[in-house]
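Have a look at the structure below, then the notes.
The values are calculated or read from the model by the stated rules, or taken from the named source; none is laboratory data. In this text, all values refer to a predicted model and were calculated from it rather than measured experimentally. Don't worry about glycine lacking a Cβ; one is built from the backbone with ideal geometry, like all the others, and counts go over all protein chains shown. Calculation scope for accessible area: heavy atoms of the full protein, side chains included, ligands and nucleic acids excluded. Shrake-Rupley method; radii C 1.70, N 1.55, O 1.52, S 1.80 Å.
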Amino acid sequence: MNSDKKESTMDKVNRGLAKRYRKERRFRLFGLGAIITSVAFLGLLFVSIAANGWTAFQQTEILLDIHFDAEKFDVDALAAADYGALVKASMRELFPNVKGRQDKRKLYKLASTGASYALQDMVASDTSIIGTTRKVWLPADDEVDMFLKGYIPRDVPESDRRLTDKQVSWIDQLVADGRLEKKFNMTFFTAGDSREPELAGIRGAAVGSLFTLAVTLLLSFPIGVATAVYLEEFAPKNKWTDLIEVNINNLAAVPSIVFGLLGLAVFLNVFGMPRSAPLVGGLVLTLMTLPTIIIASRASLKSVPPSIREAALGVGASKMQAITHHILPLAMPGMMTGTIIGMAQALGETAPLLMIGMVAFIVDVPGSVTDPSTVLPVQIYLWADSPERAFVERTSAAIMVLLAFLISMNAFAVFMRRKFERRW
Amino acid sequence: MMSSSFYLLILLALASFAYMQGKRRAFSLSGTGGGSRKLHSRPGYYGMLTAVWCVLPALLVFGFWMVCSDTILTSLAMKTLPASMQELSSDQANLLVNDLRNLVAGSVAARDINPVLQEAANQYRGMEQIGRIALAVVMFSAALFSASLVYMRISPEMRARNHVEKIVQIGLVLCSTIAILTTIGIVLSVVFESIRYFQHVPVSDFLFGMKWSPQMAMRADQAGSSGSFGAVPVLAGTFMISGIALSVAVPIGLMAAIYLSEYANSHVRSWAKPIMEVLAGVPTVVYGFFAALVVAPFIRNSGEMLGLSVSSESALAAGLVMGIMIIPFVSSLSDDVINAVPQAMRDGSYGLGATKSETIKNVIIPAALPGIVGGVLLAASRAIGETMIVVMAAGLSANLTANPLETVTTVTVQIVTLLVGDQEFDSPKTLVAFALGLLLFIVTLVLNVVALYIVRKYREEYE
């Protein structure tokens with residue numbers, strides 16, 4: 001037989017087949033592995049943020065019996081009263097056998113310094129409580145909060161934790177009396193920034209983000225659409241339009257921090273605009289998001305079939321009328337989708353805003369686009385830099401809020417695309 | 001600020017009034033017989049033209065005032081100062097101007113007010129009041145004048161639509177030049193400040209210096225008063241972190257793209273692709289927090305278990321997380337180029353008996369290689385320019401090292417640390433940030449241009 005002497009090609013192929021199939025399977029597994037790795041990273045990211053952050057939506061509060069002693073209040077100068085003393089007095093009353101300055105000071109530390117502000121607000125809004133005794137839930141200190149949430153371990157030597165053994169025993173007693181409870185953390189959504197974690201909130205940053213995005217949207221959407229319309233519908237094919245196109249493509253790839261340098265050198269130093277203002281932040285982000293919006297808008301204009309244009313021109317519309325009455329309305333959903341995606345990018349952007357001073361510590365909630373303010377991602381950056389343990393969970397919680405905004409914006413964009421997508 | 005938005009509101013009201021008047025006049029001119037058919041344009045265009053000419057001159061006046069009022073008023077107020085204070089050097093004069101501005105803004109404590117300066121500030125405020133009234137008068141009379149001029153000229157023969165369209169088109173052209181202006185702005189701002197920097201420090205010291213410590217001493221006799229500005233360690237750190245990032249992102253991103261475009265069925269694709277997009281949409285500050293909170297301690301602990309000393313701000317942690325960030329970037333670009341390889345090439349390979357993986361390795365990847373290289377270059381430029389991850393997870397000290405477990409610093413980290421907080425625009429310490437920015441801009445620009453060129457050139461081959 002022939003095959004005894006000489007091996008056929010078929011045999012050679014068959015001999016190698018098992019090995020080749022193994023290789024094939026291995027290669028395929030690598031591919032699947034790559035996908036699974038990316039998904040796992042994303043899962044790990046979300047899980048670790050959520051695990052760190054969900055506790056921040058609760059804040060420990062302490063129930064104190066406050067005597068609003070009429071003698072201590074001067075009706076004409078309510079702000080001058082010593083509200084801290086009220087808190088201290090009621091703490092002393094709870095633990096009458098705590099003696100010595102040091103111990104007392106430790107005791108007072110269980111309540112937040114913000115407790116006195118809360119009392120001041122109470123009195124200011126309702127002066128009739130002066131002279132009465134009220135049970136009031138007041139914010140506890142962030143260390144107490146961390147202890148109750150289990151971030152400060154109980155079974156380590158006293159020197160290794162931020163709370164002394166005595167403080168721990170007081171806390172235990174308060175918990176047993178039902179005077180220390182975790183409640184929904186409203187402060188986190190209603191307050192501005194603060195050095196004290198238990199008083200810090202994201203409202204200032206969220207409002208700052210809102211102002212910044214409003215400026216960005218008001219500028220970048222009209223300018224982006226106008227540029228896209230010019231380039232798609234009017235621009236002659238020449239060196240000048242080529243230059244514009246090259247510029248747009250390059251700007252899309254310029255690192256964001258370079259836009260921050262532009263903002264610092266041009267808007268702040270040359271034009272003398274205010275530092276830390278959402279107005280300037282919005283201008284910088286406008287320049288950054290313009291390429292995204294222009295590219296999306298052009299794609300959207302391109303997808304409108306030429307027959308519509310020609311029909312409009314055929315019944316006597318001018319070119320501008322054909323565009324404004326027919327092409328723009330049809331291209332609008334695509335343009336809006338691109339704009340929402342650009343806005344989502346702008347909302348998550350941090351680096352250029354650091355350059356124009358939106359990184360300052362600002363307690364007040366901004367009231368206009370020229371007030372100093374910060375934005376959500378910068379707030380996250382600031383809190384991530386803070387040493388207190390309680391800021392870690394607040395950072396994570398702020399990230400969850402930011403991601404919720406981003407995901408809903410993107411989901412809305414996807415929804416728009418699905419709803420208005422047209423096949424011609 | 002209140003009154004400027006108030007002015008704009010009044011202007012808006014005037015414009016809508018002008019629109020209605022223009023439209024009405026056009027209607028009344030068209031007479032009863034033929035109705036609006038006698039008009040050259042539809043009546044709305046006459047109204048629009050009137051409104052546009054009402055707004056444009058007023059806006060010009062308003063913009064001019066907004067830009068120049070401060071300079072003019074300051075120089076006028078400075079003139080009221082006594083002669084002795086006017087013969088100062090430019091530096092001292094600048095200080096005075098600053099004091100004056102603070103006084104005007106009312107942000108100085110009452111006790112350290114210089115009475116003379118206070119006088120000038122009062123002068124400034126007074127002139128500002130007058131200026132505002134003058135602005136209102138000029139602005140609104142310009143608006144009314146030009147609007148009524150147009151209004152008078154309205155006639156059935158007037159080519160209102162063409163006029164309006166011409167104005168709109170000019171507006172479109174102006175909008176499209178903003179892209180160019182931005183580029184010019186970027187280039188000018190980094191180049192100007194860099195030139196000022198290079199007057200302090202020679203270019204060669206900056207580009208080839210091996211030591212980076214930009215902190216300048218306050219007094220000349222302090223140790224290390226000069227500061228050293230050698231960019232080599234900073235660049236080395238940048239490239240190391242970007243290199244780590246690319247060595248994570250390129251294999252994973254490429255394999256993910258291959259799997260998605262060649263193996264995965266539509267079901268897998270329909271959930272894997274959005275997940276990749278989510279990975280791309282996560283803000284970088286979140287990645288930075290993740291790197292500092294989870295990845296860096298994990299690497300340090302596992303390093304300690306192996307007996308290695310790992311810095312808590314190691315280049316590895318920052319690079320790893322940056323790699324995760326650019327995976328979707330690499331995979332979506334590779335996906336595009338792999339899909340652009342013609343099906344005929346795959347079929348030819350299968351026809352010869354090759355398995356799928358052999359086809360991918362021997363046919364598709366070589367064919368798509370230029371595109372993939374372009375994508376990798378784009379990803380590299382993204383990694384080099386990335387800021388927040390390295391600011392939060394990488395260090396500040398510029399070590400010239402090849403050990404990824406040590407702390408290194410990057411260009412973007414240095415720009416942020418030098419420019420956040422107090423800035424003095426006459427000291428090399430602040431200006432060097434712009435020189436680094438120029439370097440960053442040039443490097444990323446070159447990478448982008450080369451990448452786009454490669455991608456475009458080789459895409460044409462299959463079209």
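Laid out as a table, the results:
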| quantity | calculated |
| --- | --- |
| Residues of the stretch B:337-361 satisfying the condition of being part of a helix (DSSP H, G or I), more than 21 Å from A:Val39 (Cβ to Cβ) and either at pLDDT below 90 or under 42 Å from the mean Cα position of the chain (by Cα) (or both) | B:Val337, B:Asn339, B:Ala340, B:Gln343, B:Ile360, B:Lys361 |
| Residues (buried (at least 17 other Cβ atoms within 10 Å of the Cβ) and of a type in the set (Ser, Thr, Tyr)) located in the stretch A:22-52 | A:Thr37, A:Ser38 |
| Hey, A:Ile171 surrounded by 15 or more Cβ atoms within 10 Å (Cβ to Cβ), part of a loop (DSSP other than H, G, I, E, B) and in contact (Cβ under 8 Å) with a residue 12 or more places away in the chain or not | no |
| Elements of type helices (runs of 4 or more DSSP H) in the stretch A:66-147, at least 2 residues being farther than 25 Å from A:Asp172 by Cβ | A:83-94, A:114-125 |
| Restricting the stretch B:372-382 to residues that are open to solvent by less than 10 Å² (accessible area, probe 1.4 Å) and more than 10 Å from every other protein chain (Cβ to nearest Cβ), the residue that is nearest to the chain's Cα centre (by Cα) | B:Ala379 |
| The listed residue being within 11 Å of chain B (Cβ to nearest Cβ) and in contact with a helix residue (DSSP H, G or I) (Cβ under 8 Å, 6 or more places away or on another chain), out of A:Val215, A:Val229 | A:Val229 |
| Selection count, the stretch A:52-81, where residues are in contact with a helix residue (DSSP H, G or I) (Cβ under 8 Å, 6 or more places away or on another chain) and free of Cβ contacts under 8 Å to residues at least 24 places away in the same chain | 2 |
| Residue satisfying all of: in the stretch A:272-290; open to solvent by 40 Å² or more (accessible area, probe 1.4 Å) and over 19 Å from the mean Cα position of the chain (by Cα); nearest to A:Ala360 (Cα to Cα) among these | A:Arg275 |
| Number of positions in the stretch B:401-452 that are small (Gly, Ala, Ser) and closer than 24 Å to B:Val321 by Cα | 3 |
| Subset of the stretch A:232-247 [within 7 Å of another protein chain (Cβ to nearest Cβ) and open to solvent by 10 Å² or more (accessible area, probe 1.4 Å)] | A:Phe234, A:Leu243, A:Asn247 |
| Residue in the stretch A:393-406 that is modelled with pLDDT under 95, more than 14 Å from B:Phe289 (Cβ to Cβ), out of contact with any strand residue (DSSP E or B) (no Cβ under 8 Å at 6 or more places or on another chain) and not small (Gly, Ala, Ser) present | yes |
| Candidates A:Leu138, A:Leu163, A:Leu148, filtered to the one that is within 18 Å of A:Leu94 (Cα to Cα), surrounded by 16 or more Cβ atoms within 10 Å (Cβ to Cβ) and not small (Gly, Ala, Ser) | A:Leu138 |
| Every residue from the stretch A:155-168 that is more than 33 Å from the chain's Cα centre (by Cα) and not in a helix (DSSP H, G or I) | A:Asp155, A:Val156, A:Pro157, A:Thr164 |
| Residue within the stretch B:263-276 that is under 26 Å from the mean Cα position of the chain (by Cα) and either of a type outside the set (Ser, Thr, Tyr) or modelled with pLDDT under 90 (or both) present | yes |
| Criterion: of a type in the set (Ser, Thr, Tyr), closer than 26 Å to B:His163 by Cβ and out of contact with any Asp or Glu (no Cβ under 7 Å at 6 or more places or on another chain) - qualifying residue of A:Thr324, A:Thr286, A:Thr292 | A:Thr324 |
| Some residue of the stretch B:298-308 being of a type outside the set (A, V, I, L, M), open to solvent by less than 50 Å² (accessible area, probe 1.4 Å) and in contact with a strand residue (DSSP E or B) (Cβ under 7 Å, 6 or more places away or on another chain) | no |
| Sole residue being in contact with a strand residue (DSSP E or B) (Cβ under 9 Å, 6 or more places away or on another chain) and either surrounded by fewer than 15 Cβ atoms within 10 Å (Cβ to Cβ) or more than 14 Å from chain B (Cβ to nearest Cβ) (or both), chosen from A:Glu143, A:Glu198 | A:Glu198 |
| Candidates A:Ile293, A:Ile257, A:Ile308 - the one that is more than 7 Å from chain B (Cβ to nearest Cβ), in a helix (DSSP H, G or I) and crowded, with 20+ Cβ neighbours inside 10 Å | A:Ile293 |
| Enumeration of residues in the stretch B:141-174 that are within 26 Å of B:Tyr7 (Cα to Cα) and in contact with a Phe, Trp or Tyr (Cβ under 7 Å, 6 or more places away or on another chain) | B:Ser146, B:Ala147, B:Val150, B:Val164, B:Leu172 |
| Tally, over the stretch A:349-368, of residues that are surrounded by fewer than 21 Cβ atoms within 10 Å (Cβ to Cβ), within 13 Å of another protein chain (Cβ to nearest Cβ) and either within 30 Å of A:Ser303 (Cβ to Cβ) or touching a residue at least 24 places away in the same chain (Cβ under 8 Å) (or both) | 3 |
| For B:Asp347: the one exception among (1) in contact (Cβ under 8 Å) with a residue 12 or more places away in the chain; (2) more than 14 Å from chain A (Cβ to nearest Cβ); (3) of a type outside the set (A, V, I, L, M, F, W, C) | (1) |
| Residue list for the stretch B:395-412, restricted to those being of a type outside the set (Val, Ile, Thr) and open to solvent by less than 40 Å² (accessible area, probe 1.4 Å) | B:Gly395, B:Ala398, B:Leu405 |
| Odd one out for B:Val330 among (1) out of contact with any Asp or Glu (no Cβ under 8 Å at 6 or more places or on another chain); (2) away from chain A (no Cβ under 11 Å) | (2) |
| Candidate set from the stretch B:153-210 (those that are open to solvent by less than 30 Å² (accessible area, probe 1.4 Å) and touching an Asp or Glu at 6+ places or on another chain (Cβ under 9 Å)); member that is nearest to A:Phe234 (Cα to Cα) | B:Leu172 |
| Within the stretch A:394-417, tally of residues that are within 11 Å of chain B (Cβ to nearest Cβ) and crowded, with 24+ Cβ neighbours inside 10 Å | 5 |
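Residues are listed down the side, and each one gets a yes or a no for (1) at the interface with chain A (Cβ under 9 Å from one of its Cβ atoms); (2) charged (D, E, K, R); (3) more than 22 Å from B:Ile360 (Cα to Cα); (4) open to solvent by 20 Å² or more (accessible area, probe 1.4 Å):
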| residue | (1), (2), (3), (4) |
| --- | --- |
| B:Val234 | no, no, yes, no |
| B:Met240 | no, no, yes, yes |
| B:Ser247 | no, no, no, yes |
| B:Pro251 | yes, no, no, yes |
| B:Tyr263 | yes, no, no, yes |
| B:His267 | no, no, no, yes |
| B:Glu277 | yes, yes, yes, yes |
